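Structure first, commentary second.
The values are calculated or read from the model by the stated rules, or taken from the named source; none is laboratory data. Since the structure is predicted, the reported quantities are computational estimates derived from the model, not experimental observations. Note that we place each Cβ from the backbone using ideal geometry, even for glycine, and neighbour counts take in every protein chain shown. Surface areas here come from the heavy atoms of the whole protein model, side chains and all, with no ligands, DNA or RNA. Shrake-Rupley method; radii C 1.70, N 1.55, O 1.52, S 1.80 Å.
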Amino acid sequence: MNGVIDIGFINLAAGYLLVLVVAGMIKKRRIGKETELVIAVFRMTVQLVLVGYVLDLILGSERMWMTLAAVSVMEIFAVLNVYQRVQVEMSRSFRRVVAFSMASGTLLAMGFFFFVILSLEPWYSPRYVIPMAGMLIGNSMTGITLGAERLLKGVQDRRDLIEGVLMLGATPERAVRETVNEAFTAAIVPTINSMVGMGIIFLPGMMSGQILSGVSPVTAIEYQIAVMLGILASVAFTVFIMVTQGSRTFFNSRSQLALPVPEKIAKGTL
Amino acid sequence: MGFLLENVVYRNILDIPSLEMPGGKVTCIIGDSGSGKTTLMRLLNNLISADRGIVWYRGVNVDQTDPVALRRKVVMLAQNPFILPGTVAENLLIGLAFAGKEPASEETLAEILQTVSLGKSLSDDAMELSGGEKQRLALARVLLLKPEALLLDEPSSALDERTEGEVIKEVVTLAKKDSRTLVMIVHSLDLARRFADLVVIVKGGKVEVAEGVAGA
């Protein structure tokens with residue numbers, strides 16, 4: 001089979017019948033999520049149509065600034081998404097660390113990926129850079145969200161332990177080492193797990209897409225492996241920078257734990 | 001020289017115009033729950049900084065010295081000390097590791113357990129210990145660090161009266177033998193009078209000083 005079957009608007013519209021079926025099921029079971037479902041489907045449709053046009057424009061132009069702008073927009077949205085998704089309150093300095101780690105970690109991984117693994121010519125070739133950057137940034141965003149939440153919660157829950165360790169003369173870095181390591185592990189485990197099941201339990205999206213568009217499975221697999229390695233590095237870099245730098249924001253220049261003071265300590269009963 | 005507090009104010013919790021806790025002596029702090037005893041102790045260890053005033057330790061402003069180095073000299077034990085999963089020996093050794101010190105020999109570890117009247121084996125699981133035993137293990141851990149000054153926040157709150165007397169007596173004897181500065185929050189005036197050279201009474205964020213029997 002050569003080329004790709006064009007789904008066409010009418011056939012695509014038929015796809016929405018599936019949504020109606022799902023909505024009907026939800027309504028019948030009184031789960032009460034039909035509005036969210038409709039909004040989600042609507043958002044997905046509008047966002048993808050818009051992004052389709054934007055990508056068409058960027059891919060057609062092959063301009064460096066357009067690629068850079070697109071990657072920057074992705075980075076910004078990823079950071080904002082982390083701010084929104086992390087359920088624990090973040091200080092201003094911690095937010096800065098999130099943004100810094102997201103940008104530096106992904107750029108580091110992307111640099112290696114585009115210059116060394118793919119040897120892109122030109123290096124900003126949007127056809128490669130944009131989808132790959134999207135995958136690296138998207139996975140790093142999930143990693144940072146998991147890691148930040150675990151780190152912030154871990155420090156809050158272990159406040160007494162951390163102070164107990166500081167009292168003995170430990171450095172702040174030593175006092176939070178276990179919490180930092182746990183946050184890093186929690187953030188990276190989903191990426192590791194996804195690699196374990198890949199090819200057996202599920203076929204990854206990018207590889208499936210390439211095969212659908214007529215690329216040979218061997219080439220598709222090469223890309224998929226490269227992308228997975230890039231994702232692993234990107235998630236690990238961003239999360240590592242976030243947890244190590246982020247953990248410093250919990251202490252002031254006097255190596256004192258500087259979190260909001262709970263009532264019992266403030267009253268001096270502890 | 002020990003600790004000297006001058007015009008120290010911390011939030012609306014403490015207001016201390018002047019307080020001296022002599023070096024090489026035993027100071028006991030007593031006061032009602034919520035009176036600011038622990039806050040006072042945390043200021044000495046620079047775990048918090050005063051909003052106003054100066055806390056001096058051996059003539060050095062604690063807010064202008066390396067806080068980690070200070071805490072290695074002025075070690076504090078919290079009222080609810082932490083015990084980590086692992087053996088009794090591991091819990092003792094981790095204190096030395098936190099403070100950047102060399103590990104101690106098994107003999108030293110066993111000796112320190114005797115000092116705090118903890119009749120347990122070094123290989124016992126620390127998580128299996130009772131509340132009082134855990135408290136003594138944590139006390140042994142800070143004694144092992146042999147700091148210049150030791151700050152103990154109710155080190156015997158989970159002990160029965162007899163064990164409490166024994167343990168505090170041992171700790172005081174040990175401190176006096178090496179001329180260490182010992183500051184202890186205790187829950188009763190009797191206990192304070194029995195062991196202290198100086199008794200500090202904290203009441204609503206203010207302090208009063210009384211001589212202890214030991215210092216009389």
Item to check | Cα convex hull of chain A - mean projected area over all directions, nm² | outcome: 19.7
Checklist outcome for this item: Expected max-MSF residue from B:Gly95, B:Gly59, B:Gly205 in the GNM of chain B (alpha carbon, under 10 Å) is B:Gly59
Checklist entry - Gap in Å between the Cα centre of region B:61-135 and the Cα centre of region A:99-168? => result 37
Item to check | Rel. contact order, % - alpha carbon contacts under 8 angstrom, at least six apart, chain A | outcome: 25
Checklist entry - Near A:Lys153, which aspartates and glutamates are there with a Cα under 16 Å away, not counting those fewer than 8 places off in the same chain? => result A:Glu89, A:Glu163, A:Glu178, A:Glu182
Item to check | Relative contact order of chain B, defined on C-alpha pairs under 8 angstrom at six or more residues apart (%) | outcome: 29
Checklist outcome for this item: Sorted by chain and then number, the residues having a modelled amide H within less than 5 Å of the amide H of B:Leu145, at least 5 places away or on another chain, are none
Next on the checklist: Explain nothing, just the number: relative contact order of region B:136-216, from Cα pairs under 8 Å at least 6 residues apart, as a whole percent.
Outcome noted: 25
Checklist entry - Can you tell which of B:Asn46, B:Asn91, B:Asn12 shows the greatest fluctuation in a Gaussian network model of chain B with Cα springs below 10 Å? => result B:Asn12
Item to check | Cross-link reach list, aspartates and glutamates versus A:Lys28, counting only Cα pairs under 19 Å and skipping chain neighbours closer than eight places | outcome: A:Glu36
Next on the checklist: Taking the Cα centre as origin and putting +1 on Lys and Arg beta-carbons and -1 on Asp and Glu beta-carbons, what dipole magnitude results for region A:63-266, to the nearest 20 debye?
Outcome noted: 380
Checklist outcome for this item: With no solvent term and unit scatterers on the alpha-carbon positions of region A:6-61, Debye gives log₁₀ I(q)/I(0) at q = 0.23, 0.26 Å⁻¹ of -0.93, -1.03
Checklist outcome for this item: Across all Cα atoms of region A:122-270, Rg and the largest Cα-Cα distance (Dmax), in Å, are 20.8, 70
Checklist entry - Considering only protein heavy atoms, what is the solvent-accessible area of B:Thr38 at a probe of 1.4 Å, reported in Å² to the nearest 10? => result 10
Checklist outcome for this item: Any helix of chain A counts here only if DSSP assigns it H throughout, its Cα atoms span 24 Å or more along the axis, and its mean Kyte-Doolittle hydropathy is at least -1.0, and such helices are A:9-28, A:34-61, A:64-85, A:92-112, A:126-157, A:177-197, A:217-248
Checklist entry - How much of the calculated P(r) for the protein assembly as shown lies past 34 Å, in percent of all Cα pairs? => result 51
Checklist entry - At 222 nm, what helix-only mean residue ellipticity would chain A give, in deg cm²/dmol to the nearest 500, using -39500 (n - 2.57) for each DSSP H run of four or more? => result -25500 deg cm²/dmol
Checklist entry - In the protein assembly as shown, what % of DSSP beta bridges are antiparallel (nearest 5)? => result 55
Next on the checklist: Counting only other chains, and only Cβ atoms inside 10 Å, what mean value do you get across the residues of B:141-153?
Outcome noted: 1
Checklist entry - Ignoring ligands, DNA and RNA, how do A:Arg159, A:Arg85 rank by accessible area with a 1.4 Å probe, largest first? => result A:Arg85, A:Arg159
Checklist entry - Protein chains only, probe 1.4 Å: how do B:Thr87, A:Thr142 rank by accessible area, largest first? => result A:Thr142, B:Thr87
Checklist outcome for this item: XL table B:Lys25/B:Lys169; B:Lys73/B:Lys101; B:Lys146/B:Lys169; B:Lys169/B:Lys206; B:Lys25/B:Lys73; Cα-Cα > 19 Å flagged, in table order, is B:Lys169/B:Lys206
Checklist entry - Using a simple spin-label model with points 7 Å from Cα along the Cα→Cβ vector, what separation in nm is obtained for A:Glu178 and A:Ile200? => result 3.4
